[in-house]
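Trainee: Structure below; questions to follow.
The values are calculated or read from the model by the stated rules, or taken from the named source; none is laboratory data. Predicted model only: the values in this text are computed from it and were never measured. Cβ placement follows ideal geometry from the backbone for every residue including glycine, while neighbour counts extend to all protein chains displayed.
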């Protein structure tokens with residue numbers, strides 16, 4: 001029974017070996033010309049010294065969250081689109097219902113002004 | 001390369017059986033869209049009416065779908081409709097309707113927006129119905145998330161009050177831990193049984209899966225802990241008093257009855273149906289949890305001054321009583337559990353309605369003093385509260401007595417006589433805090449004479465923060481809910497036959513228990 005886990009073990013070993021090899025090679029072969037900006041921890045292009053009083057605009061979170069929500073929901077459409085023939089009319093109707101509900105959510109978000117940058 | 005699938009047949013769907021859920025989802029969408037319309041009429045009247053209409057329609061459709069002894073899938077291998085699901089759906093609808101009425105003048109409505117509030121409430125009810133009808137582990141989890149996520153937001157809906165936000169955040173964090181634990185448990189059960197359907201798990205257990213399989217037992221333990229979070233069973237109850245106190249009171253009332261009923265619906269389906277063969281493994285653990293819950297809940301409630309906290313602790317204790325019905329794993333246990341959940345709805349909503357009515361006008365908020373002298377000042381509120389307290393304590397001639405009697409009977413019948421003794425002992429402890437509420441209302445100080453204009457003696461009724469609005473009929477809808485629920489509690493206490501007929505039908509709904 002445990003033998004069926006062998007591929008997982010191989011996967012772990014290979015993953016570790018390749019990752020380790022690249023880190024090692026980079027450390028041994030890579031050129032090193034440091035400067036202060038390079039040494040800073042990189043954080044999404046923002047200045048990494050964040051003052052305590054620093055605040056994000058709430059709109060940023062709202063828009064980002066909505067983007068992720070709709071983005072993820074659209075992903076659900078792909079598998080059905082690819083296999084629509086096999087799934088038949090039922091899946092098409094289901095998908096339309098799904099899109100309708102998404103549309104309702106979108107109309108709500110839009111009319112409540114959540115998409116406006118304040 | 002795309003691998004072409006063979007034709008995948010569409011699942012068989014019974015649209016008649018699905019109609020209550022369709023009505024709920026349709027109503028939710030309608031309310032959400034109507035919320036976009038401005039205007040006082042829409043926001044103050046149309047939205048609550050639409051919500052009540054949706055819940056009423058779903059309730060009507062549920063009764064229409066109901067045919068006694070029936071047990072059939074409505075979405076193949078995902079949802080199933082039977083008397084258990086339908087009777088508990090009624091609990092959710094009634095709790096939803098009561099919440100809409102109780103929340104009508106709530107600050108949470110204007111803070112969060114009426115449309116959002118009602119939409120979230122309806123989604124939560126949808127999740128509960130889905131949960132009660134679940135026939136496999138996936139639907140179970142979808143249902144539990146659909147019921148929990150709107151509740152997290154509803155708890156925080158009084159956004160201008162710090163305690164409400166705190167309650168929302170606390171519930172979110174604890175609830176997520178509970179959900180994660182449950183999900184992990186379900187994954188392990190699936191891993192052991194190789195199927196997600198309840199019927200399939202029932203067949204696999206003891207057949208292809210050994211009952212002492214550690215994978216299965218770990219899964220059961222984790223799922224049990226996850227559900228215990230939702231049902232506030234000790235030692236997973238610590239969030240309950242804080243969240244109940246912080247949340248807007250109508251939401252608390254909804255959580256106290258509907259969430260509890262939903263959690264027990266799934267306790268029944270998972271343990272008394274899918275995992276019944278493994279009863280020897282889980283029943284002792286659940287019995288221990290029930291005992292701890294009864295003791296902790298009752299002792300915790302004694303020292304509370306806030307009525308909401310007191311009711312939260314009492315809810316913990318009541319969860320312990322109800323759990324006894326699940327532990328025994330018999331038809332009678334199932335009947336007793338559902339019976340208790342039905343009467344628990346009535347008595348708890350009555351109590352919360354009175355708390356809401358007082359909390360809005362009294363300077364003591366939800367403190368015990370807000371009820372001082374209420375018996376004189378507002379008998380229309382004092383009597384429902386008295387009946388609710390006596391019923392929760394299990395006094396004869398109230399439905400609470402019959403419910404408790406049924407549970408004890410089921411426990412004794414299922415070879416858990418000692419659990420019956422624990423229930424009785426717990427009820428005795430509970431008298432301390434239930435009767436104190438009654439005493440505060442009826443045995444308060446006499447009327448106080450106020451300095452007055454000559455010739456017109458004025459007496460003030462000694463209710464904390466008494467004012468014209470403190471009149472019971474200043475908030476007719478709240479008083480109505482309180483009086484209706486209390487009247488029903490008395491009615492079913494004296495003439496419980498309709499409920500007996502109903503739960504006798506429910507008793508046949510889990511095939512594993514029949515025979």
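Trainee: Give region B:473-498 a look and list any residue that's buried (at least 23 other Cβ atoms within 10 Å of the Cβ) and under 19 Å from the mean Cα position of the chain (by Cα), or say none.
Mentor: Of everything in region B:473-498, those that are buried (at least 23 other Cβ atoms within 10 Å of the Cβ) and under 19 Å from the mean Cα position of the chain (by Cα) turn out to be B:478, B:481, B:482, B:485, B:486, B:489, B:492.
Trainee: Same structure, new question: Quick check on this structure: which one of A:88, A:57, A:16 is at pLDDT below 85 and surrounded by fewer than 13 Cβ atoms within 10 Å (Cβ to Cβ)?
Mentor: A:57
Trainee: In contact (Cβ under 8 Å) with a residue 24 or more places away in the chain, assigned to a loop (DSSP other than H, G, I, E, B) and within 14 Å of another protein chain (Cβ to nearest Cβ) - does that describe any residue in region B:68-82?
Mentor: Scanning region B:68-82, I find at least one residue that is in contact (Cβ under 8 Å) with a residue 24 or more places away in the chain, assigned to a loop (DSSP other than H, G, I, E, B) and within 14 Å of another protein chain (Cβ to nearest Cβ), so the answer is yes.
Trainee: Name the helices (runs of 4 or more DSSP H) wholly inside region A:48-118 in which the number of residues that are in contact with a helix residue (DSSP H, G or I) (Cβ under 7 Å, 6 or more places away or on another chain), closer than 30 Å to residue A:37 by Cβ and within 13 Å of another protein chain (Cβ to nearest Cβ) is 1 or more.
Mentor: Helices (runs of 4 or more DSSP H) meeting the threshold: none at all.
Trainee: Taking the criterion of being in a loop (DSSP other than H, G, I, E, B), under 16 Å from residue A:90 (Cα atoms) and at pLDDT 85 or above, would at least one residue in region B:13-29 satisfy it?
Mentor: yes
Trainee: Shifting gears a bit: If I ask for residues that are away from chain A (no Cβ under 14 Å), buried (at least 21 other Cβ atoms within 10 Å of the Cβ) and closer than 30 Å to residue B:77 by Cβ, which ones from region B:14-59 would you list?
Mentor: B:17, B:20, B:23, B:54, B:55, B:58
Trainee: Quick test for you: out of B:283, B:317, B:287, pick the one residue that is buried (at least 23 other Cβ atoms within 10 Å of the Cβ) and touching a residue at least 40 places away in the same chain (Cβ under 8 Å).
Mentor: B:317
Trainee: Let me ask you something else. All but one of (1) surrounded by 23 or more Cβ atoms within 10 Å (Cβ to Cβ); (2) not in a loop (DSSP other than H, G, I, E, B) hold for residue B:237; state the number of the condition that does not hold.
Mentor: Of (1) surrounded by 23 or more Cβ atoms within 10 Å (Cβ to Cβ); (2) not in a loop (DSSP other than H, G, I, E, B), only one is false for residue B:237: (2).
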